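Remarks on the structure that follows.
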Amino acid sequence: MEKIVFTRKELYELVWSEPLSRLARKYNISDNGIRKRCKKMNIPLPKAGHWSKIQHGYKVIVPKLPGKYEGENETILCYRDKDGNYVEKVDEVTPQTKLKHELQNDPKLPLTVPENITRFDSLIAQAKKSLNKKSSEVYNYVGMRATERDEINIMVSESNIDRALYFMNTLIKLLRTRKHDVIIENNETYAVIFGEKLPIKFKEKAKISYETNTYGWRTRTYYPSGILAFVHDNRPYHQKEWLDGKKPLESRLAEILAYFETYAKNEIEERIEWEKRRKIEEEERKRQQELQRKKDDEIKRIKVLINMANYWKQAQILRDYITALENTEGLDLKKMDWIPWAKQKIEWFDPFTQEPDEILDDNDRQELMEELNKKEPKTTSYW
């Protein structure tokens, strides 16, 4: 088996570079395996909707790699056995593998596709009617037939219709035995596992033939390959296929069920963790907002304090000026008449007294204060 070793920092950079589903296909490891490695090494993972936001041009926040970590700094990310099955680690039994073994040893589970079925599930019975119609042939797919959009998603060649129906009928029965279900919703087929809706389909892999028509246009035509596949089709984020191989697809029901139950549980756990993080972030955002509000209020109060002190100082200066003026010898009558007016205005302006005025009011005082804050008053002689 080939192995790839990543440091903690390299793995952190990797999971924030592209979706886990794409990494899973690229490095031949399940996305659940990558999640487990990241959780073990305290590496944050993208939240739900992260890649969709990027795709639509929204800004996203990438958390820093936590510095406090005392565990292993390297991990083996990729293993693949001779049959092409994904393996987490040669010396490790994963929860999914353990669950598969438990399912295989449960005699109550219908893990064998029967040779004959006398009564199909209603979903399969309807699919059978559609697939046996000539009109179910698919454009550009030579010899392939497909169900209607509002039926269980199946597309296979005529010779494989029975295999598809028998497999899907057994799968539905198996899922319902485990308290799960298969539903059709908005023209999509879902396996409902622990309440999680996981899109699925059954298809025959197609071989592509490229041809050039009389006008010089290159066209593609698809032909049946005889290889059947059951697909968890959650694109663009995740796609998982089980194919005919050394073992027929019908022998992999326990593996498929173990995968779905593990995947659904991980989705639920991730959503719970995401909700916890969201609440923490929301609380922190509100805390920061409240702190900023308090800061703004304090700054406003300090400004008021400084302004009031300045106004009081200005009133004191004016009083000193009037006193000096009164002590000046030889005041003419005009200046002597002006002094009482000035004293009254000082008492109106002083923040400690703020005596009423026949002409000016509190708004005028506020306007004057704001004006004084903007610029120095011009010196004007009133006599």
Plugging the Cβ-Cβ distance of T221 and E241 into 1/(1 + (r/R0)^6) at R0 = 22 Å yields, to the nearest 0.05, a FRET efficiency of 0.50
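Treating the beta-carbon of each Lys and Arg as +1 and of each Asp and Glu as -1, no other charges, what is the dipole magnitude of the chain about its Cα centre, to the nearest 20 debye?
Numbers: 71 positive and 65 negative charges, 477 e Å.
The calculated dipole for the chain is roughly 2300 debye.
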Within the under-11-Å Cβ sphere about K205, not counting K205, Lys/Arg +1 and Asp/Glu -1 give a net charge of -1
Normalised Cα Rg of the stretch 93-298, dividing by 2.2 N^0.38 Å with N its residue count, works out at 1.37
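As a footprinting exposure proxy, order L109, L11 by other Cβ within 10 Å, with the fewest listed first. List each step's numbers first, then the result.
Values: L109 17, L11 22.
Ranking L109, L11 by Cβ neighbours within 10 Å, fewest first, gives L109, L11.
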Percent of all Cα-Cα pairs per 5 Å bin for the stretch 1-60, counting from 0 up to the last occupied bin, reads 4, 17, 29, 26, 14, 8, 2, 1, 0
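Please report the equivalent ellipsoid semi-axes of the stretch 299-374, computed as sqrt(5 x eigenvalue) of the Cα gyration tensor, largest first, in whole Å. Intermediate results must be reported in sequence, preceding the final value.
Working: eigenvalues 143, 41, 17 Å².
Taking √(5λ) for each eigenvalue gives 27, 14, 9 Å, largest first.
Quick one: of K39/K286; K36/K59; K47/K265; K59/K286, which pairs are farther than 18 Å apart, Cα to Cα? If you can, show how the numbers build up before the last one.
Details: K39/K286 28 Å; K36/K59 27 Å; K47/K265 16 Å; K59/K286 21 Å.
Check vs 18 Å cut-off fails for K39/K286; K36/K59; K59/K286.
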Rg from C-alpha atoms of the stretch 241-360, normalised by the globular rule of thumb 2.2 N^0.38 Å, equals 2.89
Note to self: C-alpha centroids of the stretch 100-150 and the stretch 219-268 sit apart, in Å, by 14 Å
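In deg cm²/dmol, rounded to 500, what helix-only [θ] at 222 nm does the chain give when every DSSP H run of at least 4 residues adds -39500 (n - 2.57) and the total is split over its residues? Before the final figure, lay out the partial values.
On the way: 10 runs with 172 residues, N = 383.
Computed ellipticity for the chain at 222 nm equals -15000 deg cm²/dmol.
So how much slack lies between S135 and R319, counting 0.36 nm per residue of separation and subtracting their Cα-Cα distance, in nm?
Between S135 and R319, full extension yields 55.9 nm more.
Using 0.36 nm times the number of residues separating A48 and V5, minus their current alpha carbon distance, what extension gain do you get?
Working: separation 43, 0.36 × 43 = 15.48 nm, distance 2.69 nm.
Taking A48 through V5 to full extension adds about 12.8 nm, to one decimal.
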Given backbone amide H placed at 1.01 Å from N, residues whose amide H is under 5 Å from that of I227, ignoring those fewer than 5 places away on the same chain, are K205
In the stretch 276-364, the chymotrypsin sites (Phe, Trp or Tyr not before Pro) that sit in a DSSP loop and have at most 10 other Cβ atoms within 10 Å of their own Cβ are F352
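Which of the helices in the chain meet the span-like rule: DSSP H, Cα axial reach of 15 Å or more, Kyte-Doolittle mean at least -0.5?
Details: long enough: 161-177 (24 Å, 0.48); 253-326 (108 Å, -1.14); 333-349 (25 Å, -0.65); 362-374 (18 Å, -2.07).
Helices meeting the span and hydropathy rule in the chain are 161-177.
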Taking I152, I61 and counting other beta carbon atoms within 10 angstrom, the fewest-first order is I61, I152
Beyond 27 Å (Cα-Cα) in this structure, taken from K68/K100; K26/K203; K26/K247; K53/K100, we find K68/K100; K53/K100
Once both label points are put 7 Å beyond Cα along the C-beta direction, the I272-Q289 separation in nm becomes 2.9 nm
Percent of all alpha-carbon pairs of the chain at distances over 32 Å, whole number, is 58 percent
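Hey, what D do you get for the stretch 258-313 in µm²/s if you plug the Kirkwood alpha-carbon radius into Stokes-Einstein at 37 °C and 0.692 mPa s? Numbers along the way, then the final one.
Working: Rh = 15.1 Å.
After rounding, the answer is 217 µm²/s.
Values in this text are rule-based calculations from the coordinates and carry no lab data. All values derive from a computational prediction rather than experimental measurement. When we count neighbours, we look across all protein chains shown, and the Cβ atoms used for this are built from the backbone with ideal geometry, even at glycine.
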